[in-house]
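The values are calculated or read from the model by the stated rules, or taken from the named source; none is laboratory data. None of the values given here were measured: they were computed from a predicted structure. Virtual Cβ from ideal backbone geometry, glycine too; neighbours counted across all protein chains shown.
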Amino acid sequence: MKQKWSSKWKASKQPRKQRKFRINAPMHVRHKFMAAHISPDLRRQFRKRSIPVRKGDEIRVMKGGSKGLTGSVERVDLKKLKVYVGGINIKKVDGSEVLIALEPSNLMITKLNLDDKMRQRVFDRVPREPEKEPEGKAKSEKKGLKDGMKGKELKKGTKDGLK
């Protein structure tokens with residue numbers, strides 16, 4: 001615990017060490033903490049589950065008081081690990097309107113801002129949608145069952161029906 005931050009640190013059950021890791025992390029690591037899930041149709045298209053939020057992304061709030069609201073990301077604060085979305089405001093006591101700070105884990109990206117070439121390369125590393133299957137395949141193969149499982153039912157609670 002002497003070092004301020006180390007990339008070699010794996011994990012600890014102690015909350016103080018987990019907090020220390022997050023608070024003292026450098027900006028390139030904090031950027032990864034800003035990841036949010038992407039919508040199911042984008043997930044199928046890009047073959048990724050989540051990606052860090054960027055300015056210009058269209059998002060939908062999934063949890064909290066602003067649940068269901070949508071908007072465009074105006075600002076991403078790496079210091080506070082918060083996202084500010086245009087159109088999701090709160091009225092202060094003095095009457096002024098300010099953007100609400102949202103946690104990226106409570107958001108879902110519905111439209112990606114792909115202006116940056118570096119961000120585009122993230123998706124290029126992952127293979128795109130698989131090609132469609134030929135018409136002559138058996139029904140069990142179309143459903144995604146393994147070769148040895150034709151006609152067998154999957155057992156509940158197991159991944160592939162085998163223990």
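Name the single residue that is nearest to Asn24 (Cα to Cα) among those in segment 86-100 being surrounded by fewer than 15 Cβ atoms within 10 Å (Cβ to Cβ) and either in contact with a helix residue (DSSP H, G or I) (Cβ under 9 Å, 6 or more places away or on another chain) or aliphatic (A, V, I, L, M) (or both).
Only one residue fits best here, namely Val98.
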**Request:** Quick one: count up the residues across segment 66-85 that are among the basic types (Lys, Arg) and surrounded by 16 or more Cβ atoms within 10 Å (Cβ to Cβ).
**Result:** 1
**Prompt:** Is at least one residue of segment 112-125 modelled with pLDDT of 90 or more, of a type outside the set (Gly, Ala, Ser) and part of a strand (DSSP E or B)?
**Reply:** no
**Message:** Restricting to segment 1-53, and then to whatever is of a type in the set (Ser, Thr, Tyr) and not in a strand (DSSP E or B), can you tell me which residue is surrounded by the fewest Cβ atoms within 10 Å (Cβ to Cβ)?
**Reply:** Ser7
**Single condition Gly56 does not satisfy, out of (1) surrounded by fewer than 16 Cβ atoms within 10 Å (Cβ to Cβ); (2) part of a strand (DSSP E or B)** = (2)
**Condition broken by Lys63, with the remaining ones in (1) surrounded by 16 or more Cβ atoms within 10 Å (Cβ to Cβ); (2) in a loop (DSSP other than H, G, I, E, B); (3) in contact with a Leu (Cβ under 9 Å, 6 or more places away or on another chain) satisfied** = (1)
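Quick one: is Ile109 in contact (Cβ under 8 Å) with a residue 24 or more places away in the chain, touching a helix residue (DSSP H, G or I) at 6+ places or on another chain (Cβ under 8 Å) and among the β-branched types (Val, Ile, Thr)?
yes
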**Asked** Which one of Ser39, Ser50 is among the small types (Gly, Ala, Ser), touching a strand residue (DSSP E or B) at 6+ places or on another chain (Cβ under 9 Å) and at pLDDT 95 or above?
**Response** Ser39
**Item:** All positions within segment 52-85 that are under 20 Å from Arg119 (Cβ atoms) and in contact with a Gly (Cβ under 8 Å, 6 or more places away or on another chain)
**Value:** Glu58, Ile59, Arg60, Gly71, Ser72, Val73, Glu74, Val85
